[in-house]
Amino acid sequence: MSRPTVSVIIPTYNRANLLKRAIASVLNQTFTDFELIVVDDASPDNTPEVVRSINDGRIRYVRLKKNSGGPVARNTGIRKARGRFIALLDDDDEWLPNRLELQIKKFEI
């Protein structure tokens, strides 16, 4: 498996209702050389089903055994990342479609 340019990390806890929108905003990027790591901080809601319902090979799902807080979830995602760059997205946020493209262009200058 080749190394992606960007590892996008979405830590989440009990926000299945918002998570799909955040994931969609990553999958709709004009820059497509990324992996998306969703780190579920032991959510009691239907977060696993939401992630599994999205069929895209760039998505990796990691579930923590116990709720440990946002920083632990973020750092877990960073440790699992294979990309050259790390991009963080909160589960209640979304990106404009050209966000990664613009950022990668800045790094390449």
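Being closer than 18 Å to residue 85 by Cα and open to solvent by 40 Å² or more (accessible area, probe 1.4 Å) is true for just one of 52, 15, 21, 60. Which residue is that?
Values: 52 fails: closer than 18 Å to residue 85 by Cα; 15 fails: closer than 18 Å to residue 85 by Cα; 21 fails: closer than 18 Å to residue 85 by Cα.
Being closer than 18 Å to residue 85 by Cα and open to solvent by 40 Å² or more (accessible area, probe 1.4 Å) holds for just one of 52, 15, 21, 60, which is 60.
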Restricting the first residue to the stretch 89-109 and requiring it to be closer than 22 Å to residue 75 by Cα and modelled with pLDDT of 95 or more, which pairs with a second residue that is open to solvent by 60 Å² or more (accessible area, probe 1.4 Å) and of a type outside the set (S, T, N, Q) meet a Cβ separation below 8 Å and a spacing of at least six or different chains? 91/13; 91/15; 92/15; 94/21
Subset of the stretch 1-39, residues under 13 Å from residue 97 (Cα atoms) and either at pLDDT below 95 or in a helix (DSSP H, G or I) (or both), comes to 21, 22, 23, 24, 25, 26, 27
Hey, can you tell me all the residues within the stretch 22-43 that are out of contact with any Gly (no Cβ under 9 Å at 6 or more places or on another chain) and in contact (Cβ under 8 Å) with a residue 40 or more places away in the chain? 22, 24, 25, 26, 28, 29, 30, 31
Filter the stretch 68-109 down to residues that are open to solvent by 80 Å² or more (accessible area, probe 1.4 Å) and either in a loop (DSSP other than H, G, I, E, B) or among the small types (Gly, Ala, Ser) (or both), then give me how many there are. 5
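Taking the condition crowded, with 19+ Cβ neighbours inside 10 Å, over 30 Å from residue 107 (Cβ atoms) and modelled with pLDDT of 95 or more, does residue 47 pass? I'd like the intermediate steps shown before the answer.
Details: crowded, with 19+ Cβ neighbours inside 10 Å: yes; over 30 Å from residue 107 (Cβ atoms): yes; modelled with pLDDT of 95 or more: yes.
Yes; evaluated as a whole, the condition is true for this residue.
The values are calculated or read from the model by the stated rules, or taken from the named source; none is laboratory data. What you see is a predicted model; the values in this text were computed from it and never measured. Don't worry about glycine lacking a Cβ; one is built from the backbone with ideal geometry, like all the others, and counts go over all protein chains shown. These area figures cover heavy atoms from the full protein model, side chains too; ligands, DNA and RNA do not enter into them. Shrake-Rupley method; radii C 1.70, N 1.55, O 1.52, S 1.80 Å.
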